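Beneath this line is the structure, given in structure tokens, with notes to follow.
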Amino acid sequence: MNVYMFAAAFGLLGLMVMAALGLAHGHSPGGRQHGGNQSGGHPAGDSHIGTHGRHASAAHPHAAHQHAGIGESWLGTLMLMTSPRVVFSVVLGFGLVGLLLTGVTASATWPAVVVFVLAAVGGLAFERWLTGPYWNALMTFQSRPARSLGSAVMSAGQAVTDFDRSGNGLVQLEFEGEIRQLLALQTPAEHTRGVRIKRGDRVRLEAIDEERNRCTVSSLG
């Protein structure tokens, strides 16, 4: 097993384990105000150093802000590159590109260092344009909070049965891609007016009792 085959197997195994365990590590470094930290570090009793620090900050505010921004940008990039998911992805891409290049007849005469460099560049590109976007989309989908049935209040449903004289019946609605059926009670106002809900009629869910799997509905005509 050469280095490229080992890298491909190692990277693939790492990504599979992370996906299975849901270990999506988001590295979002918080901004730090270097100027503020430096000012806070001076003893209050040292008037000369404190005055000098204030003059320096007042004289070069834009330069200090620019240096802080550049430092934070490099720090963010470095922390992103050390993410386990990114490392596994780059290693996988490195191995796949290396295997592809070593399998091409035309590249058989290329120096090993050239193949290595091209494989490294390919690994970075593999992470940037393939694995990264796909992984982010996957994690976004998995982290989407599930809605409770109570959020379906005021949505439309359909009567599955004719409502009886007491205003009781069965309705169904589509929720989160599933068909849900609930015991339903017609609103007292409609029931008093003599409005009858029949099978197939559209209804509006006015209230939902998730624990009892019941709801209160009104006719949509």
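The values are calculated or read from the model by the stated rules, or taken from the named source; none is laboratory data. Quick caveat, the model's predicted, so the values are computed rather than measured. Here the Cβ is made from the backbone with ideal geometry for all residues, glycine too, and neighbour counts use every protein chain on show.
Restricting attention to the range 162-170, does a residue exist that is under 15 Å from Ile208 (Cα atoms), in the same structural domain as Arg214 (by TED's automatic domain parsing), over 28 Å from the mean Cα position of the chain (by Cα) and modelled with pLDDT under 90?
Scanning the range 162-170, I find no residue that is under 15 Å from Ile208 (Cα atoms), in the same structural domain as Arg214 (by TED's automatic domain parsing), over 28 Å from the mean Cα position of the chain (by Cα) and modelled with pLDDT under 90, so the answer is no.
So, in the range 173-212, of the ones that are of a type in the set (Gly, Ala, Ser) and part of a loop (DSSP other than H, G, I, E, B), which residue ends up surrounded by the most Cβ atoms within 10 Å (Cβ to Cβ)? Walk me through how you get there before you give the answer.
As a first pass, look at the range 173-212 and keep what is of a type in the set (Gly, Ala, Ser): 177, 184, 189, 194, 200, 207.
Okay, now just the ones that are also part of a loop (DSSP other than H, G, I, E, B), so 177, 194, 200.
Working: Gly177: 5, Gly194: 6, Gly200: 10.
Once the filter is applied, the top-ranked residue is Gly200.
When both residues are 6+ apart or on different chains and their Cβ atoms are under 6 Å apart, which pairs have a first residue that lies in the range 84-113 and is over 24 Å from Leu130 (Cα atoms) and modelled with pLDDT under 85, and a second that is surrounded by fewer than 22 Cβ atoms within 10 Å (Cβ to Cβ) and among the aliphatic types (A, V, I, L, M)?
Ser107/Leu101
In this structure, does Arg196 turn out to be of a type in the set (Lys, Arg) and touching a Phe, Trp or Tyr at 6+ places or on another chain (Cβ under 7 Å)?
Numbers: of a type in the set (Lys, Arg): yes; touching a Phe, Trp or Tyr at 6+ places or on another chain (Cβ under 7 Å): yes.
So Arg196 passes the test.
Could you list, in sequence order, all residues of the range 171-187 that are free of Cβ contacts under 8 Å to residues at least 12 places away in the same chain and within 10 Å of Cys215 (Cα to Cα)? Let's see the steps before the verdict.
Applying the first criterion (free of Cβ contacts under 8 Å to residues at least 12 places away in the same chain) to the range 171-187 yields 174, 177-179.
Selection gives nothing.
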